[in-house]
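> Could you have a look at this structure, given as structure tokens, before my questions?
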Amino acid sequence: MKFKFVYTRLVVKDWQSCRQFYRDALGLEETFVSEIDMYAEMTSGAVKLTLLAQEKLVSYFEKTASFIFDCNSDKVILSFRVDDVEEAREYLRQKGATVVTTPSNLADLGAKVLLIRDPEGNLIELTEMGEMVYAE
């Protein structure tokens, strides 16, 4: 049996606010939007992210499944590469992100990383790569 991974989906309470954040703040390109279905597909290169409103997911499966929507379960982190972690942190803070951590050095990887949350509380990792980058 073969499986082909096709995208990551975030099930969100306020899909319009998340749609705006991922499109306008993080620069993902919308490739499909359905206002009726409260659904959006967005891409960055070959990577696809989809957003679906919680109420729609529940309505599709309400008789056969139960869901737990815990916005801070922190089981999934979306990762974005940036040129400058501090600059990206300030830019995204102004766009509604919540800063979770200060920058940390991952010397063995040659990376500086920090975590933020999108408007729904999902974790986003910002990574600055370089031979020797150091957090302040």
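The values are calculated or read from the model by the stated rules, or taken from the named source; none is laboratory data. Here the structure is a predicted model, which means the values were calculated and not measured. All Cβ positions, even for glycine, are placed from backbone atoms using ideal geometry, and neighbour counts span all protein chains on display.
> Return the residues of the range 87-97 that are of a type outside the set (Phe, Trp, Tyr) and touching a helix residue (DSSP H, G or I) at 6+ places or on another chain (Cβ under 9 Å); say none if nothing qualifies.
Those that are of a type outside the set (Phe, Trp, Tyr) and touching a helix residue (DSSP H, G or I) at 6+ places or on another chain (Cβ under 9 Å): LEU92, GLN94, LYS95, GLY96, ALA97.
> Pick from ALA65, ALA88: which is at pLDDT 95 or above, not hydroxyl-bearing (Ser, Thr, Tyr) and not in a strand (DSSP E or B)?
ALA88
For (1) out of contact with any Ser or Thr (no Cβ under 6 Å at 6 or more places or on another chain); (2) outside any loop (DSSP other than H, G, I, E, B); (3) at pLDDT 95 or above; (4) in the same structural domain as LYS4 (by TED's automatic domain parsing), each residue gets a yes or a no:
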{"site": "LEU57", "(1), (2), (3), (4)": "yes, yes, no, yes"}
{"site": "LEU92", "(1), (2), (3), (4)": "yes, yes, yes, no"}
{"site": "GLU120", "(1), (2), (3), (4)": "yes, no, no, no"}
{"site": "MET132", "(1), (2), (3), (4)": "yes, no, no, no"}
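> Within the set of pairs 6 or more residues apart or between chains, which connect a residue that is closer than 10 Å to MET42 by Cα inside the range 1-29 to a residue that is assigned to a loop (DSSP other than H, G, I, E, B) with Cβ atoms less than 7 Å apart?
TYR22/LEU28
> Restricting attention to the range 1-54, report how many residues are surrounded by 13 or more Cβ atoms within 10 Å (Cβ to Cβ), assigned to a helix (DSSP H, G or I) and of a type in the set (D, E, K, R).
2
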